[in-house]
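Chemist: Before we start, here is the structure in question, set down as structure tokens.
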Amino acid sequence: MTTPWLVADVGGTNARFALVDGPGAPPGRVAALPTRDHRGLAEAAAAYLAEHGGG
């Protein structure tokens, strides 16, 4: 598997995303996106990656 890994905690109010650089590494570039601003999980993840994914 390649890194970084996208991890998420999705709830009714917010979807929290972060990137993990490898096994045992702490989550970095953590951001919470309001779920009401996105049609679904895929759109929220794409929005997060567009801003925090680094290409």
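Chemist: Confirm whether residue 36 is assigned to a helix (DSSP H, G or I), at pLDDT 95 or above and either among the hydroxyl-bearing types (Ser, Thr, Tyr) or open to solvent by 90 Å² or more (accessible area, probe 1.4 Å) (or both).
Modeler: So residue 36 fits the description; yes.
Chemist: Let me ask another. Among the residues of the stretch 13-22, write down those that are open to solvent by less than 80 Å² (accessible area, probe 1.4 Å), free of Cβ contacts under 8 Å to residues at least 24 places away in the same chain and either of a type in the set (A, V, I, L, M) or part of a loop (DSSP other than H, G, I, E, B) (or both).
Modeler: 18, 20, 22
Chemist: Given (1) in a loop (DSSP other than H, G, I, E, B); (2) open to solvent by 70 Å² or more (accessible area, probe 1.4 Å), where does residue 25 come up short, assuming only one miss?
Modeler: Of the numbered conditions (1) in a loop (DSSP other than H, G, I, E, B); (2) open to solvent by 70 Å² or more (accessible area, probe 1.4 Å), the odd one out for residue 25 is (2).
Chemist: Ok, one more. For the stretch 39-49, what are the residues that are open to solvent by less than 90 Å² (accessible area, probe 1.4 Å) and either touching a strand residue (DSSP E or B) at 6+ places or on another chain (Cβ under 8 Å) or small (Gly, Ala, Ser) (or both)?
Modeler: Within the stretch 39-49, 40, 42, 44, 45, 46, 47, 48, 49 qualify.
The values are calculated or read from the model by the stated rules, or taken from the named source; none is laboratory data. Predicted model, so just to flag it, every value in this text is computed and none were measured. Note that each Cβ is placed from the backbone with ideal geometry, even for glycine, and that neighbours are counted across all protein chains shown. Quick note on the areas: whole protein, heavy atoms, side chains included, nothing else; ligands and nucleic acids left out. Shrake-Rupley method; radii C 1.70, N 1.55, O 1.52, S 1.80 Å.
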